[in-house]
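A quick write-up on the structure given underneath.
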2 protein chains.
Amino acid sequence: MSVTKHFSNRAARMQPAAIRAVLAQMTAETIPFAAGKPAQHLFPLDAIYQQTGAMLEKHGGDVLQYSGTAGFLPLREWLAAQTPPATADQVCLAAGSAQAIDLVGKVFIDEGDKVAVEAPTYTAALSALKVYGPEFIAVDGDADGMVLASLEAALVAGAKLIYVIPNFANPSGVCMTQERREGVIALAKRFEVPILEDDPYGELRFSGDPLPNLFEMWPEGVIYCSSFSKIVAPGMRVAWMIAAPELISKLTIAKQVTDLQVGTYQQMLLHYVVQSIDFAAHLEEVRGYYGRQCQVMLDAMGQHFPAGICYDRPAGGMFIFCRLPDGYNALEILHEAMRRDVAFVPGESFFADERGANTFRLSYSLASEAQINEGIAILGALFREVLSE
Amino acid sequence: MSVTKHFSNRAARMQPAAIRAVLAQMTAETIPFAAGKPAQHLFPLDAIYQQTGAMLEKHGGDVLQYSGTAGFLPLREWLAAQTPPATADQVCLAAGSAQAIDLVGKVFIDEGDKVAVEAPTYTAALSALKVYGPEFIAVDGDADGMVLASLEAALVAGAKLIYVIPNFANPSGVCMTQERREGVIALAKRFEVPILEDDPYGELRFSGDPLPNLFEMWPEGVIYCSSFSKIVAPGMRVAWMIAAPELISKLTIAKQVTDLQVGTYQQMLLHYVVQSIDFAAHLEEVRGYYGRQCQVMLDAMGQHFPAGICYDRPAGGMFIFCRLPDGYNALEILHEAMRRDVAFVPGESFFADERGANTFRLSYSLASEAQINEGIAILGALFREVLSE
């Protein structure tokens, strides 16, 4: 006998992430185009060590004590100032964007509720929201972002929440155009449906001009979330949610009943790190690095990939999303790629519906320039073999 | 119009914790018998600073990168060794015990499921589990722990999960006797119902001999959770769950889909801190401190409290739980106590049913010896006034 017979119906909807299964097979020799990990050499280790000392000196044991659920006020003030028209009381910290997504699911989704998500979209968001038993409606995405007619159809069908990554989306790399942003907001307002705007990559723009956040365009109905994971480091799990008072108050209570608060220590340490360094210069360095990495990969892809592989050129973020011709299966190809020591992520898990078996995601964040050239050459040769069969 | 109309039914079950509302009214002058916060002077600040440097030197950026959901293997090995017969692969970290409780609720509770909880029990556990829509069955508790006939009645009524704090419970301070432990395990086995054993205070025993964990007595059916919050510090939010393979695997997936992982940084730092200090001596210091604080409070209560206030002497933990005669309301008395600059927690929120309006919890963790004597004298005078009215 096993007490597992008492698992909830919800438990059956919790499944391990496909990406993690792929990563588990990697070795030190594998060229890492799979992971969504940021580049470690960009982490401000010196500032972390220095600020640890300064913070312990200044605050003593307070930094290791319980504190309020919303988070350290000076940090919330700084975050609000980055995200007009937010004020500090509209900010609540979360343990990574993933938790922000989970909390929004907890607060909004009853079993059977319809949720509109882009096709493709962030796997971990699908996994987190799926726990609450929604019916996902996959909204078509193209190089400009969500296709408005497809979003409208989802809203007509009864979607009560829209999840979208407007800037350099994972996995598509797409940055939603201004026209599309306006269209998405107009539709969400017309149907009175909230938007969860997931923006971990917004600061990683390496070409073109920044566009307004959806939150700025509709602060009453957009729940904005972002994270320190890609702009400082992911290893402390500090992210934040910003929303209208009646939304953030409920999300803050949801955070409180779920795990009380983000650790006082890590939120204060990140605050002091960000304040102690020239953060604008740090972001320039981060953007410059990813921009160069992306260009190296695009150049190599142009040289080695056969014509049948389609992809867009990202203007920011960490990913290039590719499509094989219909009928090809990226997961099958991955098994051979892994034998040749190159890892990528098959796209199927990024789609809420049955699409995407012919797609895959390449990340340029971790590999060295030499690895990018070598790995893309290996993949190019493999794709040529596959497409000529 | 507001998008709050799209809140889930679940959202209505999320309410702010009563304890936090009380704490918000406290000033620097308030004598702090309310908070469940551990004593800050026991936090190993020097070791944290030293190990930060050593860890960054040894591991570099790895400590700030994503890592596996279960947690840093050497830490899991150490935790398993403290909790026989566990092995490291039966351990998964969580962001505080509160999150462990939330994850167990997520994995086990469908709306309407019956859950057996002691009366009284930890408020935050009730708040976390309540989100999933259970029907709580309040099991009578006395000075020996859960009353077995009452637990049996709960199981006959269909309870599918038992939540219990066997060691120095919050708020009761009670340590369940060996006989009761055996009785609880026998009942849980007979009804094939899992137990969530919440053990944040187990190491804080300052008199008597340790008793076996419920997990040790029934490793197939008990989910054990504990935390660094009371033995090192709460401010990094690092706790752990230990359970049989088929249980921990599902709980680990639940953790993964909820927020990916506990921060790599804080789990590794706590690991190195615990390894770097004489941890047994540290625990001795912690136990000695709480034992002395408890004795000071008990002595003062013996001197100042009127006969109508009943309480047990705890053998560990941070709390003394008190009962006024039936018909008195501790929340009403708290308002006057706060005017006299003494805070405590009214007991009502610790009960899943309507009981407890005449109970309250005193914490001896934060107040100085002088504050304990002064605060207990003030409360004693107030209780004499109230009881003589």
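Values as computed for the structure displayed
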| read-out | value |
| --- | --- |
| Which numbered condition B:ALA17 fails, given (1) aliphatic (A, V, I, L, M); (2) facing chain A (nearest Cβ under 9 Å); (3) loosely packed, with under 15 Cβ neighbours inside 10 Å | (3) |
| Restricting the range A:129-184 to residues that are surrounded by 20 or more Cβ atoms within 10 Å (Cβ to Cβ) and among the β-branched types (Val, Ile, Thr), the residue that is nearest to B:VAL107 (Cα to Cα) | A:VAL131 |
| Yes/no for B:LEU362 being on the phi < 0 side of the Ramachandran plot and part of a helix (DSSP H, G or I) | no |
| Test result for B:TYR66, of a type outside the set (Lys, Arg), facing chain A (nearest Cβ under 9 Å) and assigned to a loop (DSSP other than H, G, I, E, B) | yes |
| Of residues in the range A:105-116 being more than 10 Å from every other protein chain (Cβ to nearest Cβ) and in contact with a helix residue (DSSP H, G or I) (Cβ under 7 Å, 6 or more places away or on another chain), the one surrounded by the fewest Cβ atoms within 10 Å (Cβ to Cβ) | A:VAL115 |
| Candidate set: the range A:21-42, residues that are farther than 20 Å from B:LEU260 by Cα and at the interface with chain B (Cβ under 9 Å from one of its Cβ atoms); chosen: the one farthest from the chain's Cα centre (by Cα) | A:HIS41 |
| Residue match in the range B:248-261 (condition: under 19 Å from B:GLU77 (Cβ atoms), touching a strand residue (DSSP E or B) at 6+ places or on another chain (Cβ under 6 Å) and surrounded by fewer than 23 Cβ atoms within 10 Å (Cβ to Cβ)) | yes |
| Test: B:ALA11 is more than 22 Å from B:TYR364 (Cβ to Cβ), buried (at least 17 other Cβ atoms within 10 Å of the Cβ), within 12 Å of chain A (Cβ to nearest Cβ) and free of Cβ contacts under 8 Å to residues at least 12 places away in the same chain | yes |
| Scope the range A:20-59; condition over 21 Å from B:VAL63 (Cβ atoms), buried (at least 19 other Cβ atoms within 10 Å of the Cβ) and not β-branched (Val, Ile, Thr); matching residues | A:PHE33, A:ALA34 |
| Filter result (of a type outside the set (Ser, Thr, Tyr), on the phi < 0 side of the Ramachandran plot and within 14 Å of another protein chain (Cβ to nearest Cβ)) within the range B:117-134 | B:ALA124, B:ALA125, B:LEU126, B:ALA128, B:LEU129, B:LYS130, B:VAL131, B:PRO134 |
| Hits in the range A:81-96 - residues which are under 20 Å from the mean Cα position of the chain (by Cα) and either more than 9 Å from chain B (Cβ to nearest Cβ) or of a type in the set (Phe, Trp, Tyr) (or both) | A:GLN82, A:THR83, A:VAL91, A:CYS92, A:LEU93 |
| The range B:1-50 - residue that is of a type in the set (A, V, I, L, M) and part of a loop (DSSP other than H, G, I, E, B) and, of those, modelled with the lowest pLDDT | B:MET1 |
| Among the residues listed as B:GLY347, B:GLY356, the single one being buried (at least 20 other Cβ atoms within 10 Å of the Cβ) and at positive phi | B:GLY356 |
| Among the residues listed as B:VAL184, B:VAL193, the single one being touching a helix residue (DSSP H, G or I) at 6+ places or on another chain (Cβ under 7 Å) and facing chain A (nearest Cβ under 9 Å) | B:VAL193 |
| Residue tally, condition of a type in the set (A, V, I, L, M, F, W, C), at the interface with chain B (Cβ under 9 Å from one of its Cβ atoms) and assigned to a helix (DSSP H, G or I), over the range A:234-249 | 1 |
| Residue check, A:ASN213 under 12 Å from the mean Cα position of the chain (by Cα) and in the same structural domain as A:ALA80 (by TED's automatic domain parsing) | no |
| Residue list for the range A:250-300, restricted to those being of a type in the set (S, T, N, Q), within 9 Å of chain B (Cβ to nearest Cβ) and part of a helix (DSSP H, G or I) | A:THR252, A:GLN256, A:THR258, A:THR264, A:GLN266 |
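The values are calculated or read from the model by the stated rules, or taken from the named source; none is laboratory data. None of the values given here were measured: they were computed from a predicted structure. Here the Cβ is made from the backbone with ideal geometry for all residues, glycine too, and neighbour counts use every protein chain on show.
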